[in-house]
Amino acid sequence: MIDITQIPFELGLVEAALTHDGQLYVRTADEVACVATDGAITVLHTFGPQSPLAFKGLVLIGRDLLTIDRPLGAPPMLTSVSLAGEVRPHPDARLHNPSGLSALNDQALVLDQTPPLTRFVLGEAGEHLPGEARNLTHWEVDGDALTYSDATGLHQARPDRVRTVTGQPGILTFDRGGHAVVQDLEEGRAVFEVQAAGASHAVTGVQRPVALHPLASGTVVRFRNQIAPVSAPSALTTIPMATDLGTVAEVMGGLSYLDDDRQLRWSADGVSWATVRPAVRASDIVPVNERELVLTGRRASAWVKTVP
């Protein structure tokens, strides 16, 4: 088991988090705040009443934290909060229903839904990446490119062009290692095809959501609360005490989640699991980076820092 340090802080319902200069920055339901290593909190900005279940996100670009202001009864708006607490809304980046936020070429990239289409809004001026997704299933940003899968295949978009990597329909998820999971129907039942190392393996009797997790021990595929190596996806094991499985995060080359008893679990290989008691009453975990995560509850949270 990895060694960890837990730093409790009195902010609940953390939805996104990142670190910068040794401090933790979080987006809660209605605030952007900074958490020091002793748990002290500095609130940088408090928004007005927010839509409770709407995506908000948090990304750092230069000295600005960018997030989505989701006011009740008004359109969402991309907003900058500087590390000093100065707030700048960006009304030119017109949004309908944001579902993702990242950084591309040092600009904010917002995934904006008008079902069944998802458009890609780039920067404070509201420019768009070329192309759009129809029934988006998965997306990743790497350097200056956004790669995404939708009903028509796998595509890669850059500010000046978009290209189709493959026109294969039914891709549910993919990773940078060339693995993918494709869903098809045979006689009315779902069949999942796991593609790895030039080979294809069919899996039935499993459930969505589907995810690929690159671990230090090798990439694994997860069907809800069942997991297996991508090279042998039928060799499924059930994640322990995970009937009410929430977020699954990759940290220190392994996987972490909160089990049904709200204990933190970690595994290097998806087979053997160690248990850690959280310092707060948590209901979910929030990924931060490859070494850190946040355990969050309604009233308090804990910054979890791992030691190699």
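Within the bounds of segment 157-180, is there any residue that is exposed (fewer than 13 other Cβ atoms within 10 Å of the Cβ), within 17 Å of Arg208 (Cβ to Cβ) and without any contact (Cβ under 8 Å) to a residue 40 or more places away in the chain?
No: zero hits.
Pairs only if they're at least six apart or on different chains, beta carbon under 7 angstrom, first in segment 137-149 and more than 15 Å from Gln113 (Cα to Cα), second open to solvent by less than 30 Å² (accessible area, probe 1.4 Å) and hydroxyl-bearing (Ser, Thr, Tyr); list them, first residue then second.
Between residues of segment 137-149 that are more than 15 Å from Gln113 (Cα to Cα) and residues that are open to solvent by less than 30 Å² (accessible area, probe 1.4 Å) and hydroxyl-bearing (Ser, Thr, Tyr), the close pairs are Glu140/Thr147; Val141/Ser102.
Condition check: out of contact with any Ser or Thr (no Cβ under 9 Å at 6 or more places or on another chain) and not aliphatic (A, V, I, L, M). Does Pro116 satisfy that?
On the way: out of contact with any Ser or Thr (no Cβ under 9 Å at 6 or more places or on another chain): yes; not aliphatic (A, V, I, L, M): yes.
The answer is yes for Pro116.
Within segment 58-65, identify whether any single residue is within 25 Å of Arg281 (Cβ to Cβ), surrounded by 14 or more Cβ atoms within 10 Å (Cβ to Cβ) and touching a residue at least 24 places away in the same chain (Cβ under 8 Å), and answer yes or no.
yes
Grab the strands (runs of 3 or more DSSP E) fully contained in segment 197-308, keeping just those with 3 or more residues being at pLDDT below 95, crowded, with 19+ Cβ neighbours inside 10 Å and not β-branched (Val, Ile, Thr).
Hits in segment 197-308: none.
Kindly list the number of the only condition in (1) under 21 Å from Thr152 (Cβ atoms); (2) β-branched (Val, Ile, Thr); (3) more than 17 Å from the chain's Cα centre (by Cα) that fails for Val87.
Evaluating Val87 over (1) under 21 Å from Thr152 (Cβ atoms); (2) β-branched (Val, Ile, Thr); (3) more than 17 Å from the chain's Cα centre (by Cα) leaves (1) as the failure.
Any idea which of Arg262, Arg281, Arg277, Arg298 is of a type in the set (Lys, Arg) and closer than 22 Å to Gly57 by Cβ?
Result: Arg298 is the single residue among Arg262, Arg281, Arg277, Arg298 that is of a type in the set (Lys, Arg) and closer than 22 Å to Gly57 by Cβ.
Taking Gly73 as the residue in question, decide whether it is farther than 25 Å from Ala279 by Cβ, open to solvent by less than 40 Å² (accessible area, probe 1.4 Å) and either modelled with pLDDT of 95 or more or assigned to a loop (DSSP other than H, G, I, E, B) (or both). Spell out the reasoning first.
Working: farther than 25 Å from Ala279 by Cβ: yes; open to solvent by less than 40 Å² (accessible area, probe 1.4 Å): no; either modelled with pLDDT of 95 or more or assigned to a loop (DSSP other than H, G, I, E, B) (or both): yes.
So Gly73 fails the test.
Tally up the residues in segment 93-128 that are over 17 Å from Ala16 (Cβ atoms), in contact with an Asp or Glu (Cβ under 8 Å, 6 or more places away or on another chain), without any contact (Cβ under 8 Å) to a residue 40 or more places away in the chain and of a type in the set (A, V, I, L, M, F, W, C), please.
4
The values are calculated or read from the model by the stated rules, or taken from the named source; none is laboratory data. Quick caveat, the model's predicted, so the values are computed rather than measured. All Cβ positions, glycine included, derive from the backbone under ideal geometry; neighbour counts span all protein chains shown. Protein only, heavy atoms only, side chains kept; ligands, DNA and RNA dropped before computing areas. Shrake-Rupley method; radii C 1.70, N 1.55, O 1.52, S 1.80 Å.
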